[in-house]
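One structure below.
Only the coordinates and a few stated rules stand behind these numbers; no lab work does. Owing to the predicted nature of the structure, the values given are computational and were not obtained by experimental measurement. Counting neighbours? That spans all protein chains shown, and the Cβs are built from the backbone with ideal geometry, glycine included.
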Amino acid sequence: MATARNRSSRPDVAAHALRRALGALCALAIGTVLVACSTPSGANLVSATNGAAAAPVTLRLGYFPNITHATAIVGVEAGIFARDLGPSVSLQTSQFNAGPAAVEALFADALDASYVGPNPAINAFIQSHGEAVRVLAGATSGGSSLVVQPDVNSAADLVGKGVASPQLGNTQDVALRHWLSTQGLKTTPTGGGDVFVVPQDNSQTLQTFRSGQIAGAWVPEPWATRLVQEGGGKVLVDERDLWPNGQFPTTLLIVRAAFMQQHPDVVDGLVRAHTDATDYVNSQPAQAQRQVNEALRRLTGSSLSDEAMAGAWKNMSFTVDPLAAALRQSAANATDLGFLQLGGQNIDQIYNLDALNRVLRASGKPEVSS
């Protein structure tokens, strides 16, 4: 009898289980409808779109541990790049001591974007026949000077003497040689001529200047300020005085053209982060200086004195404008000196300012032009 009762109850149990399952499915369906009704129109579509576009991407960004790259340093230190690039983009940073090394990394597909000086950017564009890189934005203007010994009062006083630059054919080297040529003085790439241009590392320049081995140096900040404060020198030429409105590009943000084509959304985020970092540097200079100095201490093992940092900072301005007219003139100067052969290429094609101008429009700021 007991067996008979158990067998006869099985259909009831199965039916009950089926009713519970159907009830749960109905509740789930109703809940889904309610959620959909309570979600703003189009939100599900946006979520799906974002999910599709959020495939992990690594952005490899280069910059120099130097205050002329303050925008990059602050963007990393303050978390601005990480915030604006979003969680789907992994940021990897590399530090370089000279523009040519960063350009080599771009050419070797070991870097996607970098902060560099104008001459390395131009050289990369020309060497690749206009294919490899594009300028996305400006970063720093100014911050370069010819500092000389106290007894030097004019270009004529440099005849027969040595003057240092950071690297043969780099931005400051071209500026020095061009200025000397406007003063009627000749130089050669091998260190001959009326004035002996001696390319050397900036830290070495401070030592050779203090010992009197060189009469001066055309260097970027903070080295110009350090030559004055620590080396007892004086500024003979502030490069800002040689340019209209005192503006010329010292640092630019460039990107590998292939990466820009493959990941335009990531490049948009990079430019947005760069613009936000520029705003931060300009609106909070004291905090930015502290962050830059802390980064220099960590990356190089040494930092600047507060006096040197403040003195160098005031000689620079931070702008997203790439200052295209000045860049064209820099290219012309390098060509005249034999460091650059344009080969008929249009230097204006180095720019792609679309992302920058979208960001500027969105924030109500004036657009920039190439």
Practice item. With springs connecting C-alpha atoms under 10 Å apart, model the chain as a Gaussian network and identify which of 346, 170, 282 has the largest mean-square fluctuation. Key: 346
Point to revise | residue 300-residue 110 pseudo-label distance in nm [points 7 Å out on the Cα-to-Cβ vector] | key: 2.2
Review point. Taking the Cα-to-Cβ direction at residue 348 and at residue 241 and moving 7 Å from each Cα, how far apart do the two end points lie in nm?
Key: 3.3
Practice item. Quick one: grab Rg to one decimal and Dmax as a whole number for the chain, Cα atoms only, in Å. Key: 29.2, 124
Practice item. On a C-alpha basis, how far is the centre of segment 321-356 from the centre of segment 225-295 in Å? Whole number, if you could? Key: 18
Study note, to complete from the structure: Where a ≥ b ≥ c are root eigenvalues of the Cα gyration tensor, a/c under 1.5 meaning rounded, otherwise prolate if a/b exceeds b/c and oblate otherwise, segment 309-350 counts as oblate
Practice item. Take the chain, connect every pair of alpha-carbon atoms lying under 10 Å apart with a spring to form a Gaussian network, then pick out the residue of 308, 334, 55 with the largest mean-square fluctuation. Key: 55
Practice item. Kindly count the pairs of lysines across the chain whose alpha carbons are less than 26 Å apart, treating pairs on different chains or eight or more residues apart as eligible. Key: 5
Practice item. Compute the label zone of residue 201 within segment 147-178: residues whose backbone N is under 17 Å from the point 7 Å along Cα-to-Cβ. Key: 164-168
Revision key, fill the gap. Checking rank on 314-325, 288-299, with mean other Cβ inside 10 Å and highest first, the result is 314-325, 288-299
Point to revise | Environment charge at residue 250 (Cβ cut-off 14 Å; Lys +1, Arg +1, Asp -1, Glu -1) | key: -4
Point to revise | Selected from 343, 62, 231 as most flexible by GNM, with the chain as the system and alpha-carbon contacts under 10 Å | key: 343
Check your understanding: Tally Lys/Arg at +1 and Asp/Glu at -1 over every other residue whose Cβ is under 12 Å from the Cβ of residue 233; what's the total?
Key -> +1
Check your understanding: Which FRET efficiency, nearest 0.05, do residue 336 and residue 208 yield, Cβ-Cβ r, R0 22 Å?
Key -> 0.20
